[in-house]
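> Pasting in a structure now, in structure tokens, and then I'll have a few things to ask.
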Amino acid sequence: MSTGGPAEGNDTSAVEVRPGDVSTIAAAKGVLDGSGGRTGVRRLLPFLGPAFIASVAYMDPGNFATNIQGGAQFGYLLVWVVVVSNLMAMLIQSLSAKLGIATGRNLAEHCRDRFPRSVVWTMWVLAEGVAMATDLAEFLGAALGLYLLTGTPLWVAALATGVATFLILGLERYGFRPLEAVITAMVGAIALCYIIETIFDQPDWGMVLHHAVVPQFRGAESVLLATGILGATVMPHVIYVHSALTQGRVVVRDPVQLKRLFRYEVIDVLLAMGMAGLVNAAMLVMAASTFHAHGLTHVGSIEQAHVTLEPLLGSAAKWVFAVSLLISGLSSSAVGTMSGQVIMQGFLRRKIPIWVRRLVTMVPSVIVIWMGLDPTRTLVFSQVVLSFGIPFALIPLVWFTADRKAMGVLVNRRLTTAAASLVATLIVGLNIYLLLRTFQGG
């Protein structure tokens with residue numbers, strides 16, 4: 001993210017271009033105009049990063065409980081739901097990246113410019129609430145991971161998590177590339193943890209592949225769990241932040257270069273979201289091949305899963321699980337704090353120091369820990385709050401990217417808009433259904 005871009009006078013980007021970013025930007029422009037001399041995979045490297053930052057939201061601690069519950073109760077049955085969810089995520093995050101590239105403005109800024117002031121303030125309050133609820137889940141997950149790993153009291157683990165996220169966010173002062181590199185490394189570490197877990201649990205690959213492509217249900221409860229996985233596919237805060245990550249990262253105006261830039265960003269999305277999808281599938285497969293296979297169908301919390309892994313797969317599997325949870329929580333908490341900055345700057349043209357935002361968003365998590373509330377239940381509650389914000393990010397995104405005047409040569413094709421509208425309708429509908437079930441106690 002940077003100051004400037006196609007939209008002149010844009011002063012609300014969250015991260016300015018630093019001297020350390022210049023070489024990456026120059027390399028990217030060299031690839032786009034054909035003067036860079038890069039070949040093969042090296043041509044792609046300058047464009048990788050934004051989608052990997054966004055992808056951590058699809059591997060956050062909230063996903064752990066849902067996937068573990070689905071695998072424990074129904075084995076491999078719902079692997080196809082993870083596949084479909086991931087395909088939808090790829091489409092939505094591609095649109096978010098495209099909005100920033102084409103217009104030089106992020107989603108929150110477009111909402112501010114095109115909606116009445118009262119609507120903008122309402123959307124800001126909702127978006128901030130969603131960002132804080134998401135950060136609550138991610139922060140708690142990191143603290144829980146450290147607690148499971150070291151036995152440190154949960155409140156001490158929470159303070160340590162706060163310090164760690166401060167350090168990660170501090171990389172912003174050096175530009176976008178160091179932060180992208182660290183977050184991408186953390187995503188890779190989570191993936192490595194689940195490669196190790198998969199080796200430990202030795203799944204039935206024939207069954208995994210079958211259920212990845214054959215949609216099936218087994219009673220009303222499996223439908224509800226599938227709805228939960230699908231309904232929580234899109235994270236509103238990452239739609240905002242992804243458009244901000246691309247809005248001024250590499251600025252070009254030539255229509256041919258714009259299309260070429262977007263193609264590279266699509267590859268970034270496919271790689272990052274593909275990895276996130278594999279991690280989510282691995283979570284569900286691990287629960288299926290360990291808990292479900294041994295008749296432990298009621299393992300539904302992160303703590304239960306951690307304790308139960310040791311007698312089934314050995315202590316190493318338990319530690320790998322805790323490490324993956326810790327890394328997931330730290331990386332997604334840092335991105336959640338970034339998204340809060342993007343939301344405030346975009347909607348209100350206001351900015352507060354990142355350390356102040358980090359302290360403020362820590363408060364709900366510390367209160368939850370101090371009150372002794374169940375972490376997994378709190379994670380679930382945060383997902384309910386998150387559901388309220390999905391329509392206010394997803395519907396404007398589809399609308400704006402279908403606007404030829406704003407998007408120019410990168411305007412959605414009719415088929416893309418139709419597919420995105422269908423996905424938006426499905427996700428919003430599923431979240432409304434989940435909210436109704438939650439409030440009815442169903």
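> Taking the stated definitions as given, is Ala97 in contact with a His (Cβ under 8 Å, 6 or more places away or on another chain), under 30 Å from Asp403 (Cβ atoms), of a type in the set (A, V, I, L, M, F, W, C) and at pLDDT below 90?
no
> If Ser328 satisfies every condition in (1) modelled with pLDDT of 85 or more; (2) more than 19 Å from the chain's Cα centre (by Cα); (3) polar (S, T, N, Q) but one, which is the exception?
(2)
> Among the residues that make up segment 199-209, is at least one of them without any contact (Cβ under 8 Å) to a residue 40 or more places away in the chain, among the hydrophobic types (A, V, I, L, M, F, W, C) and in contact with a helix residue (DSSP H, G or I) (Cβ under 6 Å, 6 or more places away or on another chain)?
no
> Further question: Can you give me the number of residues within segment 279-316 that are part of a helix (DSSP H, G or I), modelled with pLDDT of 80 or more and surrounded by 17 or more Cβ atoms within 10 Å (Cβ to Cβ)?
Counting residues in segment 279-316 that are part of a helix (DSSP H, G or I), modelled with pLDDT of 80 or more and surrounded by 17 or more Cβ atoms within 10 Å (Cβ to Cβ) gives 14.
> Now a separate question. From the residues in segment 51-103 that are hydroxyl-bearing (Ser, Thr, Tyr) and assigned to a helix (DSSP H, G or I), which one is nearest to Leu426 (Cα to Cα)?
Ser85
> Now for a different question. May I ask you to list the residues in segment 409-439 that are under 22 Å from Leu261 (Cβ atoms) and in contact with a helix residue (DSSP H, G or I) (Cβ under 6 Å, 6 or more places away or on another chain)?
Val409, Leu410, Val411, Asn412, Ala420
> Only one residue in Phe52, Phe74 is farther than 20 Å from Tyr240 by Cβ, hydrophobic (A, V, I, L, M, F, W, C) and surrounded by 24 or more Cβ atoms within 10 Å (Cβ to Cβ), so which one is that?
Of Phe52, Phe74, the one residue that is farther than 20 Å from Tyr240 by Cβ, hydrophobic (A, V, I, L, M, F, W, C) and surrounded by 24 or more Cβ atoms within 10 Å (Cβ to Cβ) is Phe74.
> Does segment 338-360 hold any residues that are in a helix (DSSP H, G or I) and either touching a Gly at 6+ places or on another chain (Cβ under 9 Å) or at pLDDT below 85 (or both), and which are they?
Ile354, Trp355, Val356, Arg357, Arg358, Leu359, Val360
> Considering only residues that are small (Gly, Ala, Ser) and surrounded by fewer than 24 Cβ atoms within 10 Å (Cβ to Cβ), look in segment 103-124 and name the one that is nearest to Ile53 (Cα to Cα).
Out of the qualifying residues, it is Gly104.
> Right, something else. Could you check Ala137 against (1) over 30 Å from Val409 (Cβ atoms); (2) outside any helix (DSSP H, G or I) and say which number it fails?
(2)
> Out of the residues in segment 13-50 that are acidic (Asp, Glu) and part of a helix (DSSP H, G or I), state the one that is modelled with the highest pLDDT.
Asp33
The values are calculated or read from the model by the stated rules, or taken from the named source; none is laboratory data. Being a predicted model, the structure only gives us computed values, none of them experimental. All Cβ positions, even for glycine, are placed from backbone atoms using ideal geometry, and neighbour counts span all protein chains on display.
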